[in-house]
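J.: Starting off with a structure, shown below.
The values are calculated or read from the model by the stated rules, or taken from the named source; none is laboratory data. A quick note: this is a predicted structure, and the numbers were derived from the prediction, not measured. Please note: Cβ atoms are built from the backbone with ideal geometry, for glycine as well, and neighbour counts cover all protein chains shown.
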Amino acid sequence: MKYLDEYRDSAAAERYLREIKRLTTREWTIMEVCGGQTHAIVKYGIDRLLPDKITLLHGPGCPVCVTAVELIDRAVEIASRENVIFCSFGDMLRVPGSDKDLLTVKAEGGDVRMVYSPLDSLKIARENPDKEIVFFGIGFETTAPANAAAVLQAQQKKITNFTLLPALVLIPPAMEAILRDNACRVQGFLAAGHVCTVVGYREYEKLAEKYKIPIVVTGFEPLDILQGICMTIAQLEKGKYEVENQYSRAVSREGNLKAQEIIYEVFEVVNRPWRGLGEILSSGLGLRDKYAVFDAANHFDLVTGTVREDSECISGLVLQGRKKPSECPAFGTRCTPENPMGATMVSSEGACAAYYRYRRKQTL
Amino acid sequence: MCLAVPGKILSIAGADELTCTGRVSFGGIVKEISLALVPEAKVGEFVLVHAGFAINTLDENEADKTFKYLRELEETDEPTGEES
Ligand code: SF4
């Protein structure tokens, strides 16, 4: 397929690997921010092909993995109600909340549906005028415009039985939270390509300057990742700390202005708790007052229970790149994709799930 | 989750920017995709699609840069490692 196959060419990958080896003279630690990149790195074994001097840390860029337990508890509470059709991306259904996950709600008779797009839930809303349709709005900047456009379409088409449970999060504040941590070992970032497709990379320029760290906006195919690593190492070896754009076929400095206009028409920046990282200031998107009627958290009278998390799970440390999944005592034994204890084992982009799928034989 | 897949616009329907859609082919599989975020997109162009929305058009000239850099490496015995 155009724009995919050519970026998986093994001879070209070899050439990039040789160049990375030639450039690397010292030990360097790079974090790939996005879970999609983690998945590709583990799947193609890119981390194992790199020189020993280079360590890749897996970042917090999986929206399923960072959605706070209290938000999942709210989703479970809404989905359990009579008369509600609860729509969500599939990965979210098996993430454990304090008591149960959404799939259990479904098994107990709740109407929980897996959708591909927030627009699917608008369609369900039109087809079921006597039901309340709620969409679980998780995601990063990449998914924010789809959520915002669904709200605008609901307003335009006067669909009154649709609400959104907003759980959108923003990536740069999370990168900064990682950098501010004293235990931070990250010396360079591969920034998440599709987040930047939407919002561009101007904001990263401040981060690169403030923390003197190279940031390379990187795509998701093996060649993209190898080129991104190559560009990061070239900067590190020269002592540079700039923002560079490896993924220029999909990303411009300004990003998609139309998408940003739609996002900020509907949403405003709010504080948001992240699973494993705690509350991060100005790191989420919530509905603006004028769209408050579309906010499921207002629409339903919610009882907040006590939030409980599995104490054995170290996914918070995995999300910060401080531990590898295989260092978790429960990995592959008490915690598996069939019986996940943490969100990083549920999502296909979670580091634990990627290690389980591609590395289990070697790590167990 | 942030997976976005490239596809080619076969046709465009609807005049209203917010509800405008396109039939987009992903290597032969055709889906109806919202073009609300890419009002300037044209038939024949490639878009990156995520959660039912085209989030941007793909730039053909820029797409070659990854290979251009490689060709430069091949041409020189002493590659510089500078810029792509
Ligand atoms: S292996 Fe399971 S328990 Fe361990 S950190 Fe990953 S998700 Fe948590």
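J.: Answer with yes or no whether A:K43 is in a loop (DSSP other than H, G, I, E, B) and of a type in the set (D, E, K, R).
T.: no
J.: Here is a follow-up. Would you call A:R126 more than 10 Å from every other protein chain (Cβ to nearest Cβ), farther than 16 Å from A:V293 by Cβ and modelled with pLDDT under 95?
T.: Considered against the rule, which asks whether it is more than 10 Å from every other protein chain (Cβ to nearest Cβ), farther than 16 Å from A:V293 by Cβ and modelled with pLDDT under 95, A:R126 comes out as no.
J.: Restricting to the stretch B:30-69, name every residue that is closer than 22 Å to A:K123 by Cβ, β-branched (V, I, T) and in a loop (DSSP other than H, G, I, E, B).
T.: Listed by number, the list holds a single entry, B:V38.
J.: Still on this model: Quick check: is even one residue across the stretch A:284-291 within 16 Å of the ligand (Cβ to nearest atom), part of a helix (DSSP H, G or I) and crowded, with 16+ Cβ neighbours inside 10 Å?
T.: no
J.: Between a residue in the stretch A:313-331 that is away from every other protein chain (no Cβ under 14 Å) and assigned to a loop (DSSP other than H, G, I, E, B) and any residue that is more than 6 Å from the ligand (Cβ to nearest atom) and of a type in the set (S, T, Y), which pairs come within a Cβ distance under 6 Å, given they are 6 or more apart or on different chains?
T.: Taking only residues 6 or more apart or on different chains, not a single pair turns up.
J.: Right, here's the next one. Scanning for something within 16 Å of the ligand (Cβ to nearest atom), touching a residue at least 40 places away in the same chain (Cβ under 8 Å) and buried (at least 17 other Cβ atoms within 10 Å of the Cβ), does the stretch A:233-250 turn up at least one residue?
T.: Within the stretch A:233-250 (the criterion being within 16 Å of the ligand (Cβ to nearest atom), touching a residue at least 40 places away in the same chain (Cβ under 8 Å) and buried (at least 17 other Cβ atoms within 10 Å of the Cβ)), the answer is no, since none of the residues qualifies.
J.: Hey, does the stretch A:157-180 have a residue that's touching a helix residue (DSSP H, G or I) at 6+ places or on another chain (Cβ under 8 Å), closer than 30 Å to A:I124 by Cα and assigned to a helix (DSSP H, G or I)?
T.: For the stretch A:157-180, residues touching a helix residue (DSSP H, G or I) at 6+ places or on another chain (Cβ under 8 Å), closer than 30 Å to A:I124 by Cα and assigned to a helix (DSSP H, G or I): absent.
J.: Taking A:G278 and the conditions (1) at positive phi; (2) touching a strand residue (DSSP E or B) at 6+ places or on another chain (Cβ under 7 Å); (3) loosely packed, with under 13 Cβ neighbours inside 10 Å, which numbered condition does it fall short on, given that it satisfies the others?
T.: The number of the failed condition is (2).
J.: Test each condition in (1) away from chain B (no Cβ under 13 Å); (2) at pLDDT 95 or above for A:I178 and report the one that comes out false.
T.: (2)
J.: Which count do you get for residues in the stretch A:206-220 that are surrounded by 23 or more Cβ atoms within 10 Å (Cβ to Cβ) and not hydrophobic (A, V, I, L, M, F, W, C)?
T.: Residues in the stretch A:206-220 being surrounded by 23 or more Cβ atoms within 10 Å (Cβ to Cβ) and not hydrophobic (A, V, I, L, M, F, W, C): 3 in total.
J.: Determine which single condition A:Q260 fails, assuming it passes every other condition in (1) within 16 Å of the ligand (Cβ to nearest atom); (2) within 14 Å of chain B (Cβ to nearest Cβ).
T.: Going through (1) within 16 Å of the ligand (Cβ to nearest atom); (2) within 14 Å of chain B (Cβ to nearest Cβ) one by one, A:Q260 breaks only (1).
J.: Looking at (1) surrounded by fewer than 23 Cβ atoms within 10 Å (Cβ to Cβ); (2) closer than 13 Å to A:S117 by Cβ, which one does B:D16 not meet, given that it meets all the others?
T.: (2)
J.: State all residues of the stretch A:65-122 that are part of a helix (DSSP H, G or I), in contact (Cβ under 8 Å) with a residue 40 or more places away in the chain and not hydrophobic (A, V, I, L, M, F, W, C); if no residue qualifies, say none.
T.: A:E70, A:D73, A:R74, A:E77, A:D91, A:R94, A:P118, A:S121
J.: Still on this structure: Can you find even one residue in the stretch A:210-225 that is more than 27 Å from A:A68 (Cβ to Cβ) and within 8 Å of chain B (Cβ to nearest Cβ)?
T.: Yes, there is a match, as at least one residue in the stretch A:210-225 is more than 27 Å from A:A68 (Cβ to Cβ) and within 8 Å of chain B (Cβ to nearest Cβ).
J.: Another question, then. Name the residues in the stretch A:24-40 that are touching a residue at least 40 places away in the same chain (Cβ under 8 Å), within 23 Å of A:K238 (Cα to Cα) and not in a strand (DSSP E or B), would you?
T.: A:T24, A:T25, A:R26
J.: Which of the residues that make up the stretch A:304-363 are under 17 Å from the mean Cα position of the chain (by Cα), at negative phi and more than 11 Å from the ligand (Cβ to nearest atom)?
T.: Result: A:Q320, A:S348, A:E349.
J.: Which of the helices (runs of 4 or more DSSP H) found entirely inside the stretch A:184-266 contain at least 3 residues meeting this: among the hydrophobic types (A, V, I, L, M, F, W, C)?
T.: Of the helices (runs of 4 or more DSSP H) lying wholly inside the stretch A:184-266, those with at least 3 residues that are among the hydrophobic types (A, V, I, L, M, F, W, C) span A:193-199, A:222-238, A:257-266.
J.: Can you tell me how many residues in the stretch A:127-159 are free of Cβ contacts under 8 Å to residues at least 60 places away in the same chain and farther than 19 Å from A:A75 by Cα?
T.: Matching residues across the stretch A:127-159 total 11.
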